[in-house]
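Step one of this worksheet: look at the structure below.
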Amino acid sequence: MSLVSERLKVVRPSQTEVMTARAAELRDQGVDVITLSQGEPDFDTPSAICEAGIRAIRDGQTKYTAIAGIKSLREAIRESLRRDHGLDYGIDQITVGCGAKQVVFNALFASLDPGDEVVIPAPCWVSYPDMVALAGGKPVLVACHELDGFKLRSQALKKAITPRTKWLMLNSPCNPTGAVYSRSDLLGLAAVLREHAQVHVVSDDIYEKLTYDADFATMSAVAPDLYERTLIVNGVSKADAMTGWRVGYGAGPLALIKAMNLIQGQTSSHTSSISQYAALEALSGRRDHIKEFVRAFLERRDLVVAKLNQAKGLSCDVPDGAFYVFPSCAGVIGKRTPDGKVIESDTDFAMYLLDAFAVAVVPGSGFMASPYIRISYASSLEELTRACDRIIAACATLS
């Protein structure tokens, strides 16, 4: 009898983590690897937020908290949702988790029965399908094409829904493509959802504050009649450079939030008390740093897009949000490396970039879309310039 559960056979290692780990191995061997595979801002956590965490330690705020999170943080989340989107949630409709990732998992684990289906527009974040499978559900991937801006269209959603569909997973701005759903886009999807009362929406808004050429919109604000069928997921990791603090939150129907808290109470209990007080400062403070982050990301985005479009065989659209580009590498598939190896897939190309040119990216297959690669531009302009120059050089070697 195997010690490892059968259910883990359906779970794949995260391609993001695989590439980042491989890059770390090469770096330990003395290779000058440039890592563009991880979705982590390179900015330091703003000093006022750090000071709030330090103050929490000094004030003795190091004990257990409520499973759903400290009241003051949930009040701050409530106020931010009201201020930014005109949405009104009771404090008991809000829960705090160890990052947005845990909030999504808790929701799926609390709501899915075996065979329940979750519609996932693809390209998608690497963890969505595996979290659905771990929770006993069935991920239903719907291809979203580059010509449609990598966004789910109403006709495709309509075709994907069955009587077993329980959730639509909606991520905007999107990881990995940077696509942002407009108000009009969401209204089109809402019209379909109104015909299927059993379908709920996970609105993963973690990149909400990081938009450039498009305005952010969220489903429950655009379609108020779907408020009771929508779970908003967000956090402080991306907009406030707090990835390591591990604070995410969810706001949604009371029955679901209670069920999520039940799951959390038997797993992690709550996120770090210190991190919660830091997040309280992030959400209730001035947040002036976000404008600086967005300005820097915009400059980086434009540099990377321009550079990649100089690379033979690559084609890169301009994303509207987040801090990723998702260029097509269709033009290098079938070509040979100098040692005669054929590039047969985006994974082959990503490994060639890493092993031969010391640049770590993530193959699009990890995000359920090929042939593409995902590049994070959450690095300095100098590092991005060096990395893109290496990618251009790598493409030039292929014949």
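The values are calculated or read from the model by the stated rules, or taken from the named source; none is laboratory data. Since the structure is predicted, the reported quantities are computational estimates derived from the model, not experimental observations. Using ideal geometry, Cβ is built from the backbone for each residue, glycine included, and neighbour counts are taken over all protein chains shown.
For residues that are in contact with a Gly (Cβ under 6 Å, 6 or more places away or on another chain) and in contact (Cβ under 8 Å) with a residue 60 or more places away in the chain, scanning just the stretch 365-391, find the one that is surrounded by the fewest Cβ atoms within 10 Å (Cβ to Cβ). By that ranking, first place goes to SER376. Quick check: anything in the stretch 188-198 among the aliphatic types (A, V, I, L, M), surrounded by fewer than 19 Cβ atoms within 10 Å (Cβ to Cβ) and over 15 Å from GLU228 (Cα atoms)? Yes, the stretch 188-198 contains a residue that is among the aliphatic types (A, V, I, L, M), surrounded by fewer than 19 Cβ atoms within 10 Å (Cβ to Cβ) and over 15 Å from GLU228 (Cα atoms). Residues in the stretch 265-291 that are among the acidic types (Asp, Glu) and surrounded by fewer than 22 Cβ atoms within 10 Å (Cβ to Cβ): ASP288 alone.
Taken over the stretch 26-36, the criterion of being free of Cβ contacts under 8 Å to residues at least 40 places away in the same chain and either closer than 28 Å to ALA133 by Cβ or surrounded by 12 or more Cβ atoms within 10 Å (Cβ to Cβ) (or both) is satisfied by ARG27 alone.
Restricted to the stretch 167-187, and to residues that are closer than 21 Å to PRO129 by Cβ and among the small types (Gly, Ala, Ser), which residue is surrounded by the fewest Cβ atoms within 10 Å (Cβ to Cβ)? Restricting to residues being closer than 21 Å to PRO129 by Cβ and among the small types (Gly, Ala, Ser), the top hit is ALA179. A count restricted to the stretch 45-67 and to residues that are touching a helix residue (DSSP H, G or I) at 6+ places or on another chain (Cβ under 8 Å) and either assigned to a loop (DSSP other than H, G, I, E, B) or at pLDDT below 95 (or both) stands at 8. Restricting attention to the stretch 135-143, does a residue exist that is under 27 Å from TRP245 (Cβ atoms) and either touching a Phe, Trp or Tyr at 6+ places or on another chain (Cβ under 6 Å) or surrounded by fewer than 20 Cβ atoms within 10 Å (Cβ to Cβ) (or both)? Yes; the residues of the stretch 135-143 include at least one that is under 27 Å from TRP245 (Cβ atoms) and either touching a Phe, Trp or Tyr at 6+ places or on another chain (Cβ under 6 Å) or surrounded by fewer than 20 Cβ atoms within 10 Å (Cβ to Cβ) (or both).
Number of residues in the stretch 144-196 that are among the hydroxyl-bearing types (Ser, Thr, Tyr) and in contact with a Pro (Cβ under 9 Å, 6 or more places away or on another chain) equals 2. Every condition in (1) of a type outside the set (Gly, Ala, Ser); (2) surrounded by fewer than 21 Cβ atoms within 10 Å (Cβ to Cβ); (3) more than 26 Å from GLY149 (Cα to Cα) is met by VAL222 except one, and the failing one is (3).
The residues of the stretch 71-130 that are part of a loop (DSSP other than H, G, I, E, B) and under 29 Å from HIS145 (Cα atoms), listed by number, are LEU112, GLY115, ASP116, PRO123, CYS124, TRP125, VAL126.
Here VAL294 passes the criteria (1) surrounded by 19 or more Cβ atoms within 10 Å (Cβ to Cβ); (2) within 23 Å of the chain's Cα centre (by Cα); (3) assigned to a helix (DSSP H, G or I) except the one numbered (1).
So, GLY149, is that one on the phi > 0 side of the Ramachandran plot and either touching a residue at least 24 places away in the same chain (Cβ under 8 Å) or crowded, with 20+ Cβ neighbours inside 10 Å (or both) or not? Considered against the rule, which asks whether it is on the phi > 0 side of the Ramachandran plot and either touching a residue at least 24 places away in the same chain (Cβ under 8 Å) or crowded, with 20+ Cβ neighbours inside 10 Å (or both), GLY149 comes out as yes. Within the stretch 232-248, being part of a loop (DSSP other than H, G, I, E, B), among the aliphatic types (A, V, I, L, M) and out of contact with any helix residue (DSSP H, G or I) (no Cβ under 6 Å at 6 or more places or on another chain) holds for ALA241, MET242.
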